[in-house]
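Notes to accompany the following structure.
The values are calculated or read from the model by the stated rules, or taken from the named source; none is laboratory data. Bear in mind the structure is a predicted one, so any value in this text is a computation, not a measurement. Positions of Cβ are backbone-derived with ideal geometry, glycine not excepted, and every protein chain shown enters the neighbour counts. Calculation scope for accessible area: heavy atoms of the full protein, side chains included, ligands and nucleic acids excluded. Shrake-Rupley method; radii C 1.70, N 1.55, O 1.52, S 1.80 Å.
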Amino acid sequence: MVNTAAPSGQPQCADGQRVLEIQRKLHRWAIEDPARRFDDLYNLVCDPAFLKEGLRRVRANRGSRAAGIDGVRVADIGVRGEEQFLAELRDDLKARRFEPLPVRERMIPKPSGKRRRLGIPTVRDRVVQAALKLVLEPIFEADFKPCSYGFRPGRRAQDAIAEIHHLGSHGYQWVLEGDIEACFDNIEHTPLMDRVRRRVVDKRVLALVKAFLKAGILSEEGTLDETATGTPQGGILSPLLANIALSALDEHFAGHWETRFATSTDRIRERRHGNATYRLIRYADDFVVLVCGTEAHARALMRDVAAALAPVGLRLSEAKTRVVHMDEGFEFLGWRIQRHRQWGSQKRHIYTYPAKKALAAVKAKARALTRGSTNRPLKSVLYAINRLLRGWTAYFRHGASKGTFGYLEYYSWQRVVIWLRRKHKPISWRELRRRYMPNTSRWRPTEDGVQLFDPAAVPIVRYRYRGKAIPTPWPEVTSPTTDHATA
């Protein structure tokens, strides 16, 4: 049992450091006893420190401006009303009066032309979900396998790409690209709750998790749809619940690795006997299985993946799941990963560079930013496009992206110049350069000290494969992990 006594019963006494200390305890206890089931966690969810930290995270979230079905946004609470908001929310939780409202549906277009459903909870529900995640995440992080990278603290997409590069450079030449059909919409609640019960015995917490799963969705047409399956994307708790469900796939492959391929000697023996060794790399619902063996070995793994996903109600998309060779290449998390000959040499290496779809997406966003009204000052356009270019290049600067960055530099410069010529129609090229491109800026559009960002100037740095050296958010605990440092 965790001592939840705070210096005062009021939310204003909440402290992020205190939340971190309790998380460290939960994580340490979960690691020390893998069979432990935690009770009396509901008091932590109601704790002023966890609620205040939850509100802080909701406020810092990029989607904080969106309102749920009640029309209330985070900004409507304000700093002055924060204490009353948290006090009322805590009272409702402690009295068991809190009931989550249906999420507001918003359909987001995908690059493929289809639309993805996003569920926007109310601010009250988001704060409770954030507090619930603060309590549950340290416990389940002790059980998650190293092959999972998505929506986990301290882990990022670059780690998954680095592991693929590492394994591909050590004999893993065949790739099973997996695609799960509507993962977030099809997770069955019963097996998901069974997996939560492995670690949580507090019935109040279990009831709260189930209430969020069953809250329902208010569609864009105004109809209320039940949520018999799935955990709607958009909720703070949804990624954690999805990882709990998909850990069934992680455990399946980790079990094979630990029993058959644990040491280099085991792996060499398996390969000498004509068997394959394989490794799963998963980022949320996107995953690949790298195989050191033959194409037949990789295709046979489809049945293993399907069998591991079936208990949680998920299945593979037959149309999108395929087996490819590293020489053919594949796309994963916005990257194109392929082995080919090094320029000026006969050696062959694994290369990672931005996929064409990723480049097309950033071009479309840059085009949209420079296609609108010309009544804005140039500075505001530069602020928006610079933020876009900085984020995109920061993500892709760890691959063979120099040529792509050079092209993006030319494209963004061209779009801003086109916008300026529309804004000052007609204007000569000489006058445009005089007004917006001082010689000191290397002919880059500039206004009031704000200059167009240059993607070509971003240095390319190879991302270091961290393997089992990835730290946890709770540094006093060293989490035992499967050996991922060797192939």
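Roughly speaking, what is the stretch gain from residue 37 to residue 440, that is 0.36 nm per residue apart minus the C-alpha to C-alpha distance, in nm to one decimal?
138.6 nm
Assuming 0.36 nm per residue, please report the length gained on full extension of the stretch residue 427 to residue 179 beyond their Cα-Cα distance.
Here the segment from residue 427 to residue 179 would lengthen by 84.2 nm.
Say the dipole of segment 22-165 comes from +1 at the beta carbon of Lys and Arg and -1 at that of Asp and Glu; which of 139, 74, 22 then lies farthest toward its positive end?
74
Using a probe radius of 1.4 Å on heavy atoms only, what accessible surface per residue do you get for segment 174-320? Whole Å² is fine.
Heavy-atom accessible area per residue stands at 42 Å².
Order the peptides 36-47, 85-96 from the highest to the lowest mean number of other Cβ atoms within 10 Å of their residues.
36-47, 85-96
Whenever you get a sec, compute what percent of the accessible area on segment 30-69 sits on carbon and sulfur atoms (1.4 Å probe).
In segment 30-69, the share of accessible area belonging to carbon and sulfur is 43 percent.
For residue 363, give me every one of the lysines with a C-alpha distance below 16 angstrom, ignoring sequence neighbours fewer than eight places off in its own chain.
110
With a ≥ b ≥ c taken as the square roots of the eigenvalues of the C-alpha gyration tensor of segment 240-350, please select rounded if a/c is under 1.5 and otherwise prolate if a/b is larger than b/c or oblate if it is not?
It comes out oblate by the Cα gyration axes.
P(r) of segment 355-415 in 5 Å steps, Cα pairs, percent per bin?
Cα pair-distance distribution for segment 355-415, in percent: 3, 16, 32, 25, 13, 6, 3, 1.
Could you tell me the ratio Rg/Rh of the chain? Both radii from Cα atoms, Rh via Kirkwood.
With Rh from the inverse mean 1/r over Cα pairs, Rg/Rh is 1.00.
Cα centroid distance between segment 152-226 and segment 281-358, in Å?
About 20 Å separates the Cα centre of segment 152-226 from the one of segment 281-358.
Contact order normalised by length for the chain, with contacts defined as Cα pairs under 8 Å and 6 or more residues apart; what percent is it?
16
Given a Förster distance of 56 angstrom, what is the FRET efficiency for residue 95 paired with residue 462, based on the Cβ-Cβ distance and rounded to 0.05?
In this case the efficiency is close to 0.50.
Where a Cα-Cα gap under 16 Å defines reach, which lysines qualify for residue 145, not counting those fewer than 8 residues away within the same chain?
468
Express the carbon and sulfur contribution to the solvent-accessible surface of segment 342-411 as a percent, rounded to the nearest whole number, probe 1.4 angstrom.
So the carbon and sulfur contribution to the accessible surface is 57 percent.
Expected output is a single nm value to one decimal: the length gained when fully extending between residue 107 and residue 17, i.e. 0.36 nm times separation in residues minus the C-alpha distance. What is it?
28.6 nm
Leaving out same-chain residues fewer than 8 places away, which lysines sit with a Cα under 22 Å from that of residue 94?
Within reach: 52, 133, 203, 210, 214.
Per residue, how much accessible surface does segment 17-112 expose to a 1.4 Å probe? Answer in Å², no decimals.
57
At 1.4 Å probe radius, can you tell me the per residue accessible area of segment 352-487 in Å²?
55
Quick one: of the DSSP bridges fully inside the chain, what percent are antiparallel, nearest 5?
The answer is about 90 percent antiparallel.
At R0 = 60 Å, how high is the FRET efficiency between residue 348 and residue 83 if r is their beta carbon distance? Nearest 0.05 is fine.
Plugging the Cβ-Cβ distance into 1/(1 + (r/R0)^6) gives 0.45.
What shape does segment 221-279 have by the C-alpha gyration tensor, where a ≥ b ≥ c are the square roots of the eigenvalues, rounded means a/c under 1.5, and otherwise prolate means a/b greater than b/c and oblate the rest?
Since a/c reaches 1.5 and a/b is larger than b/c, the shape of segment 221-279 is classed as prolate.
For a test of the definition: using alpha carbon positions, the gyration tensor, and the 1.5 limit on a/c, classify segment 11-114 as rounded, prolate or oblate.
Oblate.
Highest first, please rank the peptides 128-134, 146-152, 399-405 by the mean number of other Cβ atoms sitting within 10 Å of their residues.
The peptides rank, most packed first, as 128-134, 146-152, 399-405.
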